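Everything below concerns the one structure shown next.
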């Protein structure tokens with residue numbers, strides 16, 4: 001599956017990883033999986049790893065519905081949610097821009113930052129670079145196990 005997640009409660013962080021060609025259904029499934037994960041809680045810092053993404057061509061209406069539902073849930077949290085996306089190449093940047101456009105006109109309980117690498121993401125998230133690197137490695141390893 002080109003979309004997976006992992007929660008790191010000890011760092012108040014969850015990671016979403018997207019790779020290859022991601023469909024609407026895969027995107028929606030990973031968002032639902034995060035929100036249903038017993039280790040996840042609203043208000044955790046969010047890291048979105050798009051470094052291995054090849055493409056994301058969602059149906060705009062489906063994307064707006066997914067994002068509106070997610071933002072509605074996140075709005076119940078204690079404050080703004082920190083979201084950092086690692087988007088080091090054009091397909092990743094295009095995907096982030098599509099998602100951000102879907103937020104237009106919605107209340108956004110998000111504080112969003114774009115990073116080019118793990119070190120920059122760590123700076124934005126207020127965590128050590130080694131912590132972010134480990135979280136990215138472990139999430140990628142989880143994705144590998146899903147393909148086995």
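The values are calculated or read from the model by the stated rules, or taken from the named source; none is laboratory data. Computed from a predicted model, the values in this text were never measured in an experiment. Neighbour counts run over all protein chains shown; Cβ positions are idealised from the backbone, glycine included.
Among the residues of segment 61-83, those that are closer than 20 Å to residue 26 by Cα and touching a helix residue (DSSP H, G or I) at 6+ places or on another chain (Cβ under 7 Å) comprise 62, 63, 64, 66, 67, 70, 73.
Taking the condition on the phi < 0 side of the Ramachandran plot and touching a residue at least 60 places away in the same chain (Cβ under 8 Å), does residue 47 pass? Taking the combined requirement at face value, the residue satisfies it. Reported count of residues in segment 111-131, each being surrounded by fewer than 18 Cβ atoms within 10 Å (Cβ to Cβ), in contact with a helix residue (DSSP H, G or I) (Cβ under 7 Å, 6 or more places away or on another chain) and either closer than 12 Å to residue 82 by Cα or modelled with pLDDT under 95 (or both), is 1. Would a scan of segment 65-83 turn up a residue that is at pLDDT 95 or above, crowded, with 19+ Cβ neighbours inside 10 Å and closer than 17 Å to residue 9 by Cα? No; the residues of segment 65-83 include none that is at pLDDT 95 or above, crowded, with 19+ Cβ neighbours inside 10 Å and closer than 17 Å to residue 9 by Cα.
Within segment 120-136, not a single residue is free of Cβ contacts under 8 Å to residues at least 24 places away in the same chain, closer than 17 Å to residue 6 by Cβ and part of a loop (DSSP other than H, G, I, E, B). Among the numbered conditions (1) touching a strand residue (DSSP E or B) at 6+ places or on another chain (Cβ under 9 Å); (2) surrounded by 14 or more Cβ atoms within 10 Å (Cβ to Cβ); (3) at pLDDT below 95; (4) under 23 Å from residue 21 (Cβ atoms), the only one that residue 146 does not meet is (2).
Look at residue 42 and say whether it is modelled with pLDDT under 90, under 24 Å from residue 8 (Cα atoms) and either surrounded by fewer than 17 Cβ atoms within 10 Å (Cβ to Cβ) or in contact with a helix residue (DSSP H, G or I) (Cβ under 8 Å, 6 or more places away or on another chain) (or both). For residue 42, the condition - modelled with pLDDT under 90, under 24 Å from residue 8 (Cα atoms) and either surrounded by fewer than 17 Cβ atoms within 10 Å (Cβ to Cβ) or in contact with a helix residue (DSSP H, G or I) (Cβ under 8 Å, 6 or more places away or on another chain) (or both) - is met.
Only a single item in (1) surrounded by fewer than 14 Cβ atoms within 10 Å (Cβ to Cβ); (2) under 25 Å from residue 119 (Cα atoms) is not met by residue 47, and it is number (1).
Count of segment 7-25 residues, restricted to those that are more than 10 Å from the chain's Cα centre (by Cα) and under 21 Å from residue 88 (Cβ atoms), is 5.
Per the conditions (1) farther than 26 Å from residue 137 by Cα; (2) in contact (Cβ under 8 Å) with a residue 24 or more places away in the chain; (3) surrounded by fewer than 17 Cβ atoms within 10 Å (Cβ to Cβ), the sole criterion not satisfied by residue 105 is (2).
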